[in-house]
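Accompanying notes for the structure given below.
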Amino acid sequence: MTERAADGSGVRVWLVLMKAHRSMVRHAERSIVSLDMCISDFGVLEVLLHKGPQSVSEIGRRVDLTSGSITTAIDRLERRGLVARAAHASDRRARVVHLTPDGKARITQVFARHKDAMDRAAQGLSKAERGTLIELLKRLGTTAERQLLEGDRKS
């Protein structure tokens, strides 16, 4: 084992994770943009496909967009006929966004191609290794997030 590979420091974890993330993001962007869609629009449509109708604020939280950016993305998707807004059942101030039939057909097609692209990008790992990596990354993220929240409470 090389000295660098044996370095299990938090800094080394962060550097390797950041570099791997950058490469995976480039694959994701390439697959999504080639399908005539921007990353934020894809994120909104993907959330609606897999989570069902959501409030504007919930979509923004899930795809990490500011309130102005999420409104702009939803406006753009609505103009394309891919999503529609409706009144929220219990909150008169909120709007719920759902896929239109055209939107569902479009994101189903785009997501299938995106999944294939991401599977190709992850070919360096076996399915078992991917499963292990997913569990380790979840544990890493959960622990790091918990520490951030605990730090916020102490401040």
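The values are calculated or read from the model by the stated rules, or taken from the named source; none is laboratory data. Here the structure is a predicted model, which is why all the values come from computation and not from measurement. So basically every Cβ, Gly included, is an ideal-geometry build from the backbone, and we count neighbours across all protein chains shown.
If you go through segment 121-133 and keep only what is surrounded by 11 or more Cβ atoms within 10 Å (Cβ to Cβ), of a type outside the set (Ser, Thr, Tyr) and assigned to a helix (DSSP H, G or I), you end up with Ala121, Glu129, Arg130, Gly131, Leu133.
Scanning segment 11-64 for residues that are over 11 Å from the mean Cα position of the chain (by Cα), within 20 Å of Gly141 (Cβ to Cβ) and outside any helix (DSSP H, G or I) yields a count of 0. Look at (1) farther than 19 Å from Gly141 by Cβ; (2) part of a helix (DSSP H, G or I); (3) at pLDDT below 95; (4) over 14 Å from the mean Cα position of the chain (by Cα) and you find that Glu78 fails only one, number (3). Take Ile134 and tell me if it is within 17 Å of His21 (Cα to Cα) and under 18 Å from the mean Cα position of the chain (by Cα). Criteria met by Ile134. Counting only residues that are at pLDDT 95 or above and among the charged types (D, E, K, R), which one in segment 86-109 is surrounded by the fewest Cβ atoms within 10 Å (Cβ to Cβ)? Going through the qualifying residues, I end up with Asp102. Yes or no: segment 90-101 includes at least one residue that is in contact (Cβ under 8 Å) with a residue 40 or more places away in the chain, out of contact with any Ser or Thr (no Cβ under 6 Å at 6 or more places or on another chain) and under 16 Å from Met37 (Cβ atoms). Looking for residues that are in contact (Cβ under 8 Å) with a residue 40 or more places away in the chain, out of contact with any Ser or Thr (no Cβ under 6 Å at 6 or more places or on another chain) and under 16 Å from Met37 (Cβ atoms), one finds at least one in segment 90-101, hence yes.
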